[in-house]
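Below: one structure, written as structure tokens.
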Amino acid sequence: MKHIHVELGKDSYDIHIENGLLDRAGDYIRNLTKSRTLAVITDSNVDALYGQRLETALTGAGFRVHRLVFPAGEEHKCAATLLDLYQQLSDAGITRSDCILTFGGGVTGDLGGFAAATFLRGVPFIQIPTTIISQVDSSVGGKVAIDLPSGKNQAGNFYQPKGVLIDPMLLSTLPKRFIHDGMGEVIKYGCIRDLALFELLEKLDDQSIFDHWEEIIERCCQSKADIVEHDVFDMGERMILNFGHTIGHAIEGCYGFGHYTHGEGVAAGMSMLTGVTEAMGLTKAGTTARLRKVIKQYGLPTDVDASAEDLIPYISNDKKMRGNHITLVIIEEIGKARLLPLVAEDLPKYIRKKDA
Ligand SMILES: NC(=O)c1ccc[n+]([C@@H]2O[C@H](COP(=O)([O-])OP(=O)(O)OC[C@H]3O[C@@H](n4cnc5c(N)ncnc54)[C@H](O)[C@@H]3O)[C@@H](O)[C@H]2O)c1
Ligand SMILES: [Zn+2]
């Protein structure tokens, strides 16, 4: 059992990480809310796999449970699903003294968290993340959102959970594609500030990693918590979490969302950028080879076919572009990131076309 405290003054909360925690969720939640009534927001896949188990754990601890299930998939992280959830919360008689649980991946956490932030002007909520992305990243930090037809996460808020309960054993049913997808972010944490994590990843692969999830998730959540504590509203330091993301988002956009997963885009983005910064002498020699070996070990790409010219238009729309300036996150060596402000004309130089 691992605990991480996220210190945000009156919005502080704890992250609990333990194999098998799902079956003890009721006991933890009793300490987080005085309410006897819970609304569980979950997607259709997670509900089919684990919905009844969670409900049993909660009713066993004396709670009345309403299960609100929406269809799985990013396309349902939208306004129509949100309105439907509001209606279901209302029909269930949820009040501001009750509590909402978001039980699922990043889609569920973002959508359910946004519903919690806005229904009745804010109902307390607890995250129970079930994918790698959500266990190491999206459930911590308080960003909640839905997508609009014009872009991802365009309507959202900062709204901190009362607690985060992480059961790494739930990852055993996650399809391989989503394991690899999540590994993009895990490798990123190693690169930007956790050499020991990176060294552990070097020793494991996508099978043997299953015995180490508790430790790996703890290390990632600790990094995310440290960064978020210093920059709740994403005005500065939180930017280092974007390592690999500027090129990664461009790759996702250029090929059409869904072709490359987010983690694949981030992996290729980290690899391509580091290849360039190492050649420029900004990154310690040998770093790219080490990074690419780990990226391949977890089934992720180190490069894509698109040229710098293909990718640049998708970077111009990136929110990190301010006027004629953009700030890239680069690594000086494994475990040490820094910000590199650029003028836009120099950007193509930082995108490599082919594997070096
Ligand atoms: N708020 C943030 O800070 C933040 C950070 C990163 C990503 N995100 C968001 O997270 C979303 C991506 O998250 P995701 O990859 O978790 O997507 P997701 O929630 O869609 O989950 C991926 C798939 O796995 C299924 N699933 C979930 N848990 C499972 C389990 N234990 N076993 C089997 N199947 C399971 C889901 O039903 C879904 O089909 C994006 O919308 C992204 O914008 C938010
Ligand atoms: Zn990401």
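Checking each residue in region 1-35 for being aromatic (Phe, Trp, Tyr) and more than 19 Å from the chain's Cα centre (by Cα) picks out only Tyr28. Residues in region 236-262 that are farther than 17 Å from Gly184 by Cβ and within 18 Å of the chain's Cα centre (by Cα) were compared, and the one that is modelled with the lowest pLDDT is Glu237.
Within region 62-103, the set of residues being within 16 Å of ligand 2 (Cβ to nearest atom) and in a loop (DSSP other than H, G, I, E, B) comprises just one member, Lys77. Among the conditions (1) under 26 Å from Arg177 (Cβ atoms); (2) modelled with pLDDT under 95; (3) surrounded by 14 or more Cβ atoms within 10 Å (Cβ to Cβ), the only one that Ala268 does not satisfy is (2).
Mind counting the residues in region 63-77 that are within 11 Å of ligand 1 (Cβ to nearest atom) and surrounded by fewer than 17 Cβ atoms within 10 Å (Cβ to Cβ)? Counting residues in region 63-77 that are within 11 Å of ligand 1 (Cβ to nearest atom) and surrounded by fewer than 17 Cβ atoms within 10 Å (Cβ to Cβ) gives 4.
Where in region 104-183 are there strands (runs of 3 or more DSSP E), lying fully within it, with 2 or more residues that are within 16 Å of ligand 2 (Cβ to nearest atom)?
The qualifying strands (runs of 3 or more DSSP E) are 143-148, 151-158.
Scanning region 253-263 for residues being out of contact with any Asp or Glu (no Cβ under 7 Å at 6 or more places or on another chain) and either assigned to a loop (DSSP other than H, G, I, E, B) or crowded, with 24+ Cβ neighbours inside 10 Å (or both) gives a total of 4. Close Cβ contacts (under 6 Å, 6 or more residues apart or on different chains) running from residues in region 163-185 that are over 12 Å from Ile133 (Cα atoms) to residues that are within 16 Å of ligand 2 (Cβ to nearest atom) and assigned to a loop (DSSP other than H, G, I, E, B) comprise Val164/Ser139. Exactly one residue among Leu300, Leu291 is buried (at least 23 other Cβ atoms within 10 Å of the Cβ) and assigned to a loop (DSSP other than H, G, I, E, B), and that residue is Leu300.
Suppose the filter is more than 23 Å from Glu264 (Cβ to Cβ) and of a type in the set (Val, Ile, Thr); does Val186 pass it? Outline the logic, then answer.
On the way: more than 23 Å from Glu264 (Cβ to Cβ): no; of a type in the set (Val, Ile, Thr): yes.
When the stated conditions are applied, Val186 does not pass them.
Here Thr302 does not fit the description of being under 20 Å from Lys143 (Cβ atoms), in contact (Cβ under 8 Å) with a residue 40 or more places away in the chain and more than 14 Å from ligand 1 (Cβ to nearest atom).
Return yes when Asp310 is closer than 29 Å to Ser150 by Cβ and charged (D, E, K, R) and no when it is not. Against the criterion (closer than 29 Å to Ser150 by Cβ and charged (D, E, K, R)), Asp310 qualifies.
Being within 7 Å of ligand 1 (Cβ to nearest atom) and touching a strand residue (DSSP E or B) at 6+ places or on another chain (Cβ under 8 Å) is the filter; apply it to region 126-146 and report the residue that is farthest from Asp27 (Cα to Cα). If you could, list the steps in order and put the result at the bottom.
Filtering region 126-146 for residues within 7 Å of ligand 1 (Cβ to nearest atom) gives 130-131, 133-134, 137-138, 141, 143-145.
Narrowing the set further to residues that are touching a strand residue (DSSP E or B) at 6+ places or on another chain (Cβ under 8 Å) leaves 130-131, 134, 138, 143-145.
On the way: Thr130: 19, Thr131: 22, Ser134: 22, Ser138: 24, Lys143: 26, Val144: 26, Ala145: 29 Å.
Here the answer is Ala145.
Listed by first and then second residue, the pairs with beta-carbon distance under 6 Å, at least 6 apart or on different chains, first residue in region 274-287 and outside the structural domain of Ile247 (by TED's automatic domain parsing), second surrounded by fewer than 20 Cβ atoms within 10 Å (Cβ to Cβ), form an empty list.
The residue list Phe103, Phe125, Phe114 contains one member that is of a type in the set (Phe, Trp, Tyr) and in contact (Cβ under 8 Å) with a residue 60 or more places away in the chain, which is Phe103.
Quick one: would you say Val40 is surrounded by fewer than 24 Cβ atoms within 10 Å (Cβ to Cβ), touching a helix residue (DSSP H, G or I) at 6+ places or on another chain (Cβ under 8 Å), modelled with pLDDT of 95 or more and not aromatic (Phe, Trp, Tyr)? Judged against the criteria, Val40 is not a match. Looking across Ile187, Ile126, one residue alone is buried (at least 22 other Cβ atoms within 10 Å of the Cβ), of a type in the set (A, V, I, L, M, F, W, C) and not assigned by TED's automatic domain parsing to the domain that holds Tyr298. It is Ile126.
For region 234-263, a tally of residues being more than 11 Å from ligand 2 (Cβ to nearest atom) and within 20 Å of Arg290 (Cβ to Cβ) returns 2. If I filter region 147-157 down to residues being in contact (Cβ under 8 Å) with a residue 60 or more places away in the chain and more than 10 Å from ligand 1 (Cβ to nearest atom), which single residue comes out as surrounded by the fewest Cβ atoms within 10 Å (Cβ to Cβ)? My answer is Leu148.
Could you run through region 36-62 and say how many residues are within 24 Å of the chain's Cα centre (by Cα) and within 16 Å of ligand 1 (Cβ to nearest atom)?
Narrowing region 36-62 to residues within 24 Å of the chain's Cα centre (by Cα): 39-51, 54.
Remaining after also requiring within 16 Å of ligand 1 (Cβ to nearest atom): 40-51, 54.
Total meeting the criteria: 13.
Suppose we filter region 204-221 for residues that are in a helix (DSSP H, G or I) and touching a helix residue (DSSP H, G or I) at 6+ places or on another chain (Cβ under 9 Å); how many remain? Quick ask: steps written out before the conclusion?
Start the filter on region 204-221 by keeping residues that are in a helix (DSSP H, G or I), which leaves 208-221.
Then drop every residue that is not touching a helix residue (DSSP H, G or I) at 6+ places or on another chain (Cβ under 9 Å), which leaves 209-210, 212-217, 219-221.
Of the residues in that region, 11 qualify.
The values are calculated or read from the model by the stated rules, or taken from the named source; none is laboratory data. Every value quoted in this text rests on a predicted model; they were computed, and no experiment measured them. Neighbour counts are summed over all protein chains in view; Cβ atoms, including those assigned to glycine, are modelled from backbone coordinates with ideal geometry.
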